[in-house]
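Here the structure comes first, spelled out in structure tokens, and everything after it is commentary.
The values are calculated or read from the model by the stated rules, or taken from the named source; none is laboratory data. This is a predicted model, so every value here is computed, not measured. Methodologically, a virtual Cβ is constructed for each residue, glycine included, from the backbone with ideal geometry; neighbour enumeration extends over all protein chains shown. Quick note on the areas: whole protein, heavy atoms, side chains included, nothing else; ligands and nucleic acids left out. Shrake-Rupley method; radii C 1.70, N 1.55, O 1.52, S 1.80 Å.
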Amino acid sequence: MEDVSTWAEGSSDSSSSDGEEDMETEGKIPEEKKEKGKVQGRGVYVPGQGPSPAPGEELVMDEGAYRLYHRAGTGAPCLSFDILQDSLGENRTSYPLSLLLCAGTQAETANANRLMVMKMHNLHGTKQARKEGLGSESSSDSEDDDDDDEEKKPQLELAMIPHYGGINRVRVTEFGESQIAAVWSEKGQVELYNLQRALVAVSDSQALAAFLREEQAKIKPIFSFAGHMTEGFAMDWSPKKPGTLLTGDCNKNIHLWTPKEDGSWFVDQRPFTAHTSSVEDLQWSPNEATVSYSGIQILHGPRAILLPH
């Protein structure tokens, strides 16, 4: 399997709004702007509000709105991703930054799908953020900063795990000493993957080479559940009870997963069935271990408001 993820170079042009200079009381276009063939005013484009872009007109990112902006291509589209915790601490603000991601593809054929673990690193701020960081320093510092742009190119390491079927949603949790990914498949089943070998691979070039050569094709789910009988999208790990998972499908059923001592999971075959249509999302309460939500309905709580049949 080839590494098809690539960094895409984004526009580095910043745009700004001149406010009153761009306003015309009678809606007329200034002559100097007519000469350029288009209005030069800058604004935020909101679909459904105001005129649509004219033929040939392109929307341009306003870099001034971002402190950090990078893009990466993954080959096949990804409908879902999740961020993995690392050991570098929280509230990091010093550049360069790094992060770990897990994403699932929706490829054209079932056999072409992958569960991807990515390490994005050497992530520097936008030019605007760098200018703000320079403060009152001399312009020569800014010139020196431009000279080492080559050293500031973002880096991406990728480890892919084969997956049969498109991946509707991915949610990752830390359980014990491992990162576990729950994967909702379009084939109607939910699978759990241990991501530790893939995480080691993206952190070391030699380990990555060994992973691609010897391990990638052999990785299988550590647990799977096909009791939903149809595909779904809703899924959430409990933040209060490690390893506890809720999954909801397009047939209105919600199942509760609890970890067992032998390393597997017990999935309650009696689903919560209070919904009358597809369960689109699930969310555990961040404060209470036995309360979860779907939309605005409480599904499972201390008062047993909705009980499984």
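Just one of (1) modelled with pLDDT of 95 or more; (2) more than 24 Å from the chain's Cα centre (by Cα) fails for MET229. It is (1).
Every residue, every condition in (1) touching a strand residue (DSSP E or B) at 6+ places or on another chain (Cβ under 8 Å); (2) open to solvent by less than 60 Å² (accessible area, probe 1.4 Å); (3) within 21 Å of TRP237 (Cα to Cα), yes or no:
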position	(1), (2), (3)
GLN155	yes, no, no
MET160	yes, yes, no
ARG169	yes, yes, yes
GLN179	yes, yes, yes
TRP184	yes, yes, yes
VAL190	yes, yes, yes
TYR193	yes, yes, yes
ALA198	yes, yes, yes
VAL202	yes, yes, no
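Taking the stretch 84-103 as the search range and keeping residues that are open to solvent by 70 Å² or more (accessible area, probe 1.4 Å) and either over 17 Å from SER203 (Cα atoms) or not hydrophobic (A, V, I, L, M, F, W, C) (or both), which one is nearest to the chain's Cα centre (by Cα)? Across the stretch 84-103, the extreme among qualifying residues is GLN85. Within the stretch 257-309, restricting attention to residues that are acidic (Asp, Glu) and at pLDDT 85 or above, the residue that is least open to solvent (accessible area, probe 1.4 Å) is ASP268. Of all residues in the stretch 227-247, none satisfies being surrounded by 13 or more Cβ atoms within 10 Å (Cβ to Cβ), more than 29 Å from ALA198 (Cβ to Cβ) and among the acidic types (Asp, Glu). Is it true that ASP22 is surrounded by 10 or more Cβ atoms within 10 Å (Cβ to Cβ), acidic (Asp, Glu), at pLDDT below 85 and farther than 30 Å from SER98 by Cβ? The answer is yes for ASP22. Restricting attention to the stretch 211-226, report how many residues are among the hydroxyl-bearing types (Ser, Thr, Tyr) and buried (at least 19 other Cβ atoms within 10 Å of the Cβ). So the count comes out to 0.
Looking at this structure, is LEU100 in contact with a Gly (Cβ under 9 Å, 6 or more places away or on another chain) and in contact (Cβ under 8 Å) with a residue 24 or more places away in the chain? Spelling it out, it is not the case that LEU100 is in contact with a Gly (Cβ under 9 Å, 6 or more places away or on another chain) and in contact (Cβ under 8 Å) with a residue 24 or more places away in the chain. Would you confirm whether any residue within the stretch 68-80 is surrounded by 12 or more Cβ atoms within 10 Å (Cβ to Cβ) and modelled with pLDDT under 85? No, every residue in the stretch 68-80 fails to be surrounded by 12 or more Cβ atoms within 10 Å (Cβ to Cβ) and modelled with pLDDT under 85. Looking only at residues in the stretch 183-197 that are touching a Gly at 6+ places or on another chain (Cβ under 9 Å) and hydrophobic (A, V, I, L, M, F, W, C), the one that is farthest from GLY166 (Cα to Cα) is VAL190. Return the residues of the stretch 247-264 that are small (Gly, Ala, Ser) and over 25 Å from the mean Cα position of the chain (by Cα); say none if nothing qualifies. Across the stretch 247-264, the qualifying residues are GLY263, SER264. Cβ-Cβ distances below 8 Å connect no pair with a first residue in the stretch 49-66 that is loosely packed, with under 10 Cβ neighbours inside 10 Å, a second residue that is among the aliphatic types (A, V, I, L, M) and outside any loop (DSSP other than H, G, I, E, B), and a separation of six or more residues or different chains.
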